[in-house]
Amino acid sequence: MCGNNMSVPLLDEAVTVSGTEKETAAVIFLHGLGDTGHGWADSMTSIRLPYVKYICPHASHIPVTLNMKMMMPAWFDLMGLNPEATEDESGIKKAAEDIKTIIEHEIKNGIPPHRIILGGFSQGGALSLYTALTCQHQLAGVVALSCWLPLHRSFPEVCLGASTGHKNLPILQCHGEADAMIPLEFGGLTAVKLRHIVNPQMITFKTFPKLPHSSSPEEMAAVKEFIEKYLPRI
């Protein structure tokens, strides 16, 4: 995809949905545990804007503790799915740096950070929140679906080394009310935590009745509205 640019392996493998006209903005969207970028590339195609490039990278296969050390696509290891579970701190930080290399690549190619939205579902949404809040650039926004904030105990201190502009980082957080995998309560706790890090007016927390640990057309319509708002046509 990026020719001989070997410094961004995640980009070489990523599924990219190109714009149908001059690309002036980008959405980087991260899949959940055990998934790939293909399904989310299809979802992005269904809500695409003609001037936006959508990048859906694939996570590497690693052994996941939560699933009896089975090898599967994962951005970092998971020990448990509750707020008190032990976290893979080094894995989360390395994954965030990998995503930041994609952001830097897009910036070098002429798309400024304030024209880049980072998003993801489940583990990918968790990583998108952590990456955006620790990035040296202020991004256009974050789409966090059915997820949580990793290493939540280290915030807001960890933001101090990042852009001071994170106070005004727009965040769209969505969660299914019937999510049995990552219960709505965890999404609510995440929203409360985020309001201590980011200006509360910048956070939108939408819940969807009867929605399990997945997405829906209503949720994708909310995502499209958020993207249109924060990545308007130039």
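Only the coordinates and a few stated rules stand behind these numbers; no lab work does. Computed from a prediction, not measured in an experiment: that's the story for all the values here. We place every Cβ from the backbone using ideal geometry, glycine too, and count neighbours over all the protein chains shown.
With a threshold of 27 Å on the Cα-Cα distance, the over-threshold entries among 193/229; 69/206; 69/94; 167/229 are 69/206.
Only Cα sites of the range 9-230 enter the Debye sum here, all with the same form factor; the resulting log10 I(q)/I(0) across q = 0.10, 0.16 1/Å is -0.38, -1.08, listed in q order. Could you tell me which trypsin sites (Lys or Arg not before Pro) in the range 188-220 are loop residues by DSSP with no more than 12 other beta carbons within 10 angstrom of their beta carbon? When the trypsin sites (Lys or Arg not before Pro) of the range 188-220 are filtered for loop state and at most 12 Cβ neighbours within 10 Å, 210 remain.
Sum up the charges of everything whose Cβ sits under 12 Å from the Cβ of residue 224, counting Lys and Arg as +1 and Asp and Glu as -1, but leave residue 224 out. Overall, the nearby charge balance is -2. Cross-link partners of residue 210 among aspartates and glutamates, defined as those whose alpha carbon lies under 15 angstrom from its own and excluding same-chain residues fewer than eight positions apart: 177, 179, 185, 218, 219.
With the helix formula -39500 (n - 2.57) applied to DSSP H stretches of n ≥ 4, the chain reaches a computed 222 nm mean residue ellipticity of -9500 deg cm²/dmol.
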